[in-house]
Amino acid sequence: MKSLLVGLLCAFWRVQGDVPAKCPEIISKSRWGARLPLEVEYALIPIQYVVVHHTVTPTCTTEAKCSELLKNIQNFHMDEMEFHDIGYNFMVGGDGNIYEGAGWHKVGAHTYGYNSKSLGLAFVGNFTENLPEVVQLEAAKKFLECGVQLGELDEKYKLLGARQVSSTQSPGLKLYWELKHWNHWSKTP
Ligand SMILES: *[C@@H]1O[C@H](CO)[C@@H](O)[C@H](O)[C@H]1NC(C)=O
């Protein structure tokens, strides 16, 4: 009887697991006022890695403020760094919104050696001493699940902090410690 119950429970959880989580709304580039990319390079899907960054800017808690910060970041990336677009594929705001950067199945400019095989996800803010907002963390988790369901991310993708694969403090020590508890986090690339 006990094993039957366990079996039923397992079957139940399996069915629950197959129900696609609703993908979070993504604020398009045109909605946040982004410039058009100078060039677009496509990446092969499913993507094997997600590399997490922080933007090392103030945080933002409204769409207006996040959009303003992202426009500054894009200008910096395109005008100073000479990237063809904002470097990250997507950004997560402290308002709990996901913002479109270079986007799905595109090659970003965020992590040397990993751009064509990873999705660059940046948390808006500086997370050296502080954790992101709960809504920001939850939005990122939901977004990554959605990426797998869309077939953009490999179901066995590895989640890395930028500091694991390049000489940077990004995504900030506090956020990095948090990421280490996430399902897909990998100790080694
Ligand atoms: C990020 O936060 C750390 C710790 O609070 C601080 O030392 C550093 O200067 C900040 N970086 C920027 C660019 O503001």
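Counting just the residues of the stretch 108-131 that are open to solvent by less than 10 Å² (accessible area, probe 1.4 Å) and part of a loop (DSSP other than H, G, I, E, B), which one comes out farthest from H77 (Cα to Cα)?
From the stretch 108-131, those open to solvent by less than 10 Å² (accessible area, probe 1.4 Å) are 108, 111, 118-125, 127; that's our starting set.
Still in the list and also part of a loop (DSSP other than H, G, I, E, B): 108, 111, 124-125, 127.
Values: G108: 11, T111: 13, V124: 15, G125: 16, F127: 20 Å.
Across the stretch 108-131, the extreme among qualifying residues is F127.
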Requested in this report: Please give the number of the condition L38 fails out of (1) among the aliphatic types (A, V, I, L, M); (2) within 16 Å of the ligand (Cβ to nearest atom); (3) part of a loop (DSSP other than H, G, I, E, B).
Outcome: (2)
Report task. Just give me the residues in the stretch 128-168 being within 15 Å of the ligand (Cβ to nearest atom) and under 10 Å from H53 (Cβ atoms), in sequence order. Result -> A162, R163, T168
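Test L173 against the criterion of being open to solvent by 10 Å² or more (accessible area, probe 1.4 Å), within 15 Å of the ligand (Cβ to nearest atom), in contact (Cβ under 8 Å) with a residue 12 or more places away in the chain and over 19 Å from T61 (Cα atoms), and give yes or no.
yes
The values are calculated or read from the model by the stated rules, or taken from the named source; none is laboratory data. None of these values were measured; they are calculated from a predicted model. Backbone-built Cβ (ideal geometry, glycine too); neighbour counts: all protein chains shown. What goes into the accessible areas is simple: the full protein's heavy atoms, side chains included, and nothing from ligands, DNA or RNA. Shrake-Rupley method; radii C 1.70, N 1.55, O 1.52, S 1.80 Å.
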